[in-house]
Amino acid sequence: MVSLPIQDLLPELTSIVGEPHVRTDDEARRVYGADALKRGYPADVVVFPGTTADVARIVQLCAEHGVPFVPRGAGTGYTGGAVPLQGGVVIAMERMNRILEIDEQNLIAVVEPNVITADLQDAVEKLGLFYPPDPASLKQSTIGGNVAECAGGPRAFKYGTTKRYVLGLEAVLPTGEVIETGGKVVKNVVGYDLTQLLVGSEGTLAVITKIILRLVPRPPFQATLRASFKDVSAAVAAVTGVIRKRVVPAALELIDGESLRAAADYLRDPSLAPYGTGAVLLVEVDGTPDAAAEEAARVEEACRAAGATEILRARDEAGRQDLWRLRRELSHSLRTVAALKFNHDVVVPKGRIPELFALVERIRAAYCLRIPCFGHAGDGNIHVNIMVSPDDREEVQRAREAEKVLFEGVVALEGSISGEHGIGFSKAPFLPIELSPDEIALMKRIKHAFDPRNLLNPGKIFPA
Ligand SMILES: Cc1cc2nc3c(=O)[nH]c(=O)nc-3n(C[C@H](O)[C@H](O)[C@H](O)COP(=O)(O)OP(=O)(O)OC[C@H]3O[C@@H](n4cnc5c(N)ncnc54)[C@H](O)[C@@H]3O)c2cc1C
């Protein structure tokens, strides 16, 4: 908890945002003190600014009184990034949720941070434009949270992650100044690239208040198919085959047998995990109808050559949504396996995916754990979900040991311990597995340059 009596801050916070936009009730403190990691810490106060000027004044007030503060989007983060570890003020950005501009000539959108990802996608798609980043949380997560985490998703293989689309930002520094980085131009090499420094900074360097995004033309057509295989190795062989045929699908998702069985149970649809199916690939290609059809045929060839036991092709949009439903419901489906998920989004060079699965198999056997895996095979980013019963302390302990072995193994495979979800506080102890002491020291100096008093989102990224 902060040393300052929080009551002292309330009149000024109220004068900045108005009484309805300051909450200190237990429910708000609890809800806004946690995210999808489900290991929260109560905020002292939750404030809901309406403008950049509000944010700047809140930050200045916190800086003046030495009170920690944490920006928050939708709270779907998986690593505790939005958790106010030291109490203080949660700056919940939800009132700043307007799409300010869609510039069709310059292929740009300007948004406030709390625009929901799917809402932006819908708005631009109506104009024949496309905002590709598609985290599975897109119906809840915000663009601000996506930028802060550099969110990815199935389309990252072809279209890249959020950072590829961020051209400029407006942000409030922890010392209260408002800065504008980048702008509406695609080329800009003036000075250090502060825009990209803030992207993926997990709410530790500045509070983002406006975002300028690059858009691309909407692909006119998608062809989607699902191929079943007897095991993960065959599915990975198909991935290699697809790439060898020089097809870069918009999505290339791999789902292992354990995840399929969870989805079949959760969605009460046994056909999702037929006997003998140990892995599934969900593949989507996009472009003009002719180009997409031709690429889909090449994908089918690669899957058959790798031993696909069944290939289903969506015939229309409803069929496409049906195929995607399996992927979108996977996270929720894992609830049928166990109540607690240690959700790891490790990434390896895609040629090393078989070695990653072999590593997981060894961990599964050695630690006697349930570890359903699925993810973005196209870019080697696999979600390794260590499932445990929270009341089984011994199992939780085994899972804790297993995750360290996983991270060490992934780094040994030239991979990274997080491809999407960031470090937050849950992965902070593992940072030295991947980064050298010199890199960590440099990052800490950058943090210090932005936030000399360590008031913005303290306790994140760096090991204590
Ligand atoms: C079911 C489910 C599926 C998911 N699938 C994916 C996926 O496919 N790909 C993926 O990358 N992630 C995924 N995630 C993780 C999560 O949705 C992303 O990290 C997302 O970007 C978080 O957005 P948010 O608005 O919820 O941010 P929050 O959780 O509120 O915050 C995340 C971080 O961003 C900071 N932040 C938020 N807003 C701002 C701001 N305006 N200025 C500065 N910092 C800010 C916070 O301080 C925090 O550190 C998934 C999560 C769930 C629950």
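In table form, for the structure just shown:
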read-out: Pair list, Cβ under 6 Å, 6 or more apart: segment 198-212 residue farther than 18 Å from T51 by Cα, other residue among the basic types (K, R) and within 8 Å of the ligand (Cβ to nearest atom); value: E202/K460; T204/K460
read-out: Positions within segment 381-390 being assigned to a loop (DSSP other than H, G, I, E, B) and modelled with pLDDT of 95 or more, in sequence order; value: S389
read-out: P132 within 11 Å of the ligand (Cβ to nearest atom), assigned to a loop (DSSP other than H, G, I, E, B) and surrounded by 20 or more Cβ atoms within 10 Å (Cβ to Cβ); value: no
read-out: All positions within segment 167-177 that are part of a strand (DSSP E or B), of a type in the set (A, V, I, L, M) and within 13 Å of the ligand (Cβ to nearest atom); value: L169, A171, V172
read-out: Candidates A123, A148, A118 - the one that is surrounded by fewer than 20 Cβ atoms within 10 Å (Cβ to Cβ), among the aliphatic types (A, V, I, L, M), within 14 Å of the ligand (Cβ to nearest atom) and assigned to a helix (DSSP H, G or I); value: A118
read-out: Residue in segment 9-28 that is within 13 Å of the ligand (Cβ to nearest atom) and on the phi < 0 side of the Ramachandran plot present; value: no
read-out: Unmet requirement for T181, which otherwise passes all of (1) within 25 Å of the chain's Cα centre (by Cα); (2) part of a loop (DSSP other than H, G, I, E, B); (3) among the β-branched types (V, I, T); (4) closer than 14 Å to I208 by Cα; value: (2)
read-out: Selection from segment 71-96 of residues that are away from the ligand (no atom under 11 Å from the Cβ) and polar (S, T, N, Q); value: Q86
read-out: Condition met for E284 (farther than 24 Å from N343 by Cα, acidic (D, E) and in contact (Cβ under 8 Å) with a residue 12 or more places away in the chain); value: yes
read-out: Condition check for R352: surrounded by fewer than 20 Cβ atoms within 10 Å (Cβ to Cβ) and outside the structural domain of L252 (by TED's automatic domain parsing); value: yes
read-out: Complete set of residues in segment 151-166 that are closer than 20 Å to P113 by Cβ and either within 13 Å of the ligand (Cβ to nearest atom) or surrounded by 22 or more Cβ atoms within 10 Å (Cβ to Cβ) (or both); value: A151, G152, G153, T161, T162, K163, Y165, V166
read-out: The one condition in (1) at pLDDT 95 or above; (2) surrounded by fewer than 22 Cβ atoms within 10 Å (Cβ to Cβ); (3) on the phi < 0 side of the Ramachandran plot that C368 fails to fulfil; value: (3)
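So that you can scan it fast, the table gives a plain yes or no per residue for (1) away from the ligand (no atom under 16 Å from the Cβ); (2) at pLDDT below 95; (3) crowded, with 23+ Cβ neighbours inside 10 Å; (4) outside the structural domain of E355 (by TED's automatic domain parsing):
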{"residue": "V405", "(1), (2), (3), (4)": "yes, no, no, no"}
{"residue": "G409", "(1), (2), (3), (4)": "yes, no, no, no"}
{"residue": "L413", "(1), (2), (3), (4)": "yes, no, no, no"}
{"residue": "S416", "(1), (2), (3), (4)": "no, no, no, no"}
{"residue": "P429", "(1), (2), (3), (4)": "yes, no, no, yes"}
{"residue": "E434", "(1), (2), (3), (4)": "yes, no, no, yes"}
{"residue": "D438", "(1), (2), (3), (4)": "yes, no, no, yes"}
{"residue": "M443", "(1), (2), (3), (4)": "no, no, no, yes"}
{"residue": "I446", "(1), (2), (3), (4)": "no, no, no, yes"}
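The values are calculated or read from the model by the stated rules, or taken from the named source; none is laboratory data. Please read these numbers as outputs of a predicted model, since none were measured by experiment. A quick note on method: Cβ atoms are made from the backbone with ideal geometry, for glycine too, and the neighbour counts reach across all protein chains shown.
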